[in-house]
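For reference, the structure discussed in these notes is given below.
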Ligand SMILES: [Zn+2]
């Protein structure tokens, strides 16, 4: 079945209201799969209200249509006060996950050097990485940039307000480029990956982490009720397989892959299994809109090295 084209009639999703956003900005159709260039899709979500497509050729999943680039810029303004620092318990959980992600990088042997965090938000991950790195960041939200400059004097002057392409860093400037929960948000992931390749030193690494994995058991069962499904923020739903395909001719090779869950602040294994069982049970009898728990495989961390 070929996915029907259409406008995104999205008014609300979970606790968010998009009425204003979509009254000003438009949604654009994805004409070809960004992974394999295929043009035949089927619907991935079970409700037309949240239209995501799955490429029939390679299995890549993506929102279709998607909010256009200017709409996305608008959406991410004041992101910090809208979505982040107003929930202290969640913020603490995030901070401890930032430390685990920072440890993953240093434990793999990438413990110092010149580091850039793309989409650095309020500077929280840069802070967790610590002063063994010479730290830089880019961020499109002015409020997050202001927060970062006010709270983190050590790298305040190294945070660029704008996107990675606009920042025009020098060729081979960085040892490490991190994209923490970022690559699934950007309108053109391949353009970002090419730019990362350009600004990395030879043998430098790109660290992708906190990126949703659509091949996970939670995504397969819950679809649009998967906790990491977000019709405006998460444009692209990678899996280890589709991400490898996108990286195939990138000039970088995969050196590490893992799926953080056990030992993270989000692990509640037995309770999470019970939620799965209840959800599957109720799916057979009535519509069930409970959101999935975090779970093993749902998030992936990948390290790619420039050849
Ligand atoms: Zn494809």
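Nothing in this text is a laboratory measurement; each read-out follows from the coordinates by a stated rule. This one's a predicted model, so the numbers in the text were calculated from it and none came from an experiment. For neighbour counting, all protein chains shown are included, and Cβ atoms are generated from backbone atoms with ideal geometry for every residue, glycine included.
Annotations
- Between residue 26 and residue 165, the modelled label-to-label distance comes to 1.9 nm, taking each label 7 Å out from Cα in the direction of the beta carbon.
- Computed extension gain for residue 103 through residue 188, at 0.36 nm per residue and net of the alpha carbon distance, reaches 27.7 nm.
- Per-selection metrics, the chain (Cα): Rg and Dmax in Å: 19.0, 58
- Between 0 and 90°, nearest 10: helix 142-151 axis offset from the chain longest Cα axis: 40
- Taking the C-alpha atoms only, the angle from helix 269-283 to the longest principal axis of the chain is near 30 degrees.
- Helix-only [θ]222 nm of the chain, DSSP H runs n ≥ 4, -39500 (n - 2.57) each, per residue, nearest 500: -8500 deg cm²/dmol
- Bridge type composition, the range 164-307 - antiparallel percent by DSSP, nearest 5: 65
- Beta bridge orientation in the chain: antiparallel %, DSSP, nearest 5: 55
- Between 263, 119, 251, the Gaussian network model of the chain with springs among Cα atoms under 10 angstrom shows the greatest mean-square fluctuation at 263.
- Note on the range 1-155: antiparallel DSSP beta bridges, both residues inside, total approximately 60 percent of the bridges counted.
- Listed residues 241, 19, 264, most fluctuating in the chain (Gaussian network, C-alpha, under 10 Å): 19
- Length-normalised contact order of the range 87-306 in % [C-alpha pairs under 8 Å, at least 6 apart]: 20
- Degrees separating the helix 189-199 axis from the principal Cα axis of the chain, which is the longest one: 10
- The range 200-215-the range 130-174 distance, computed between alpha-carbon centres (Å): 18
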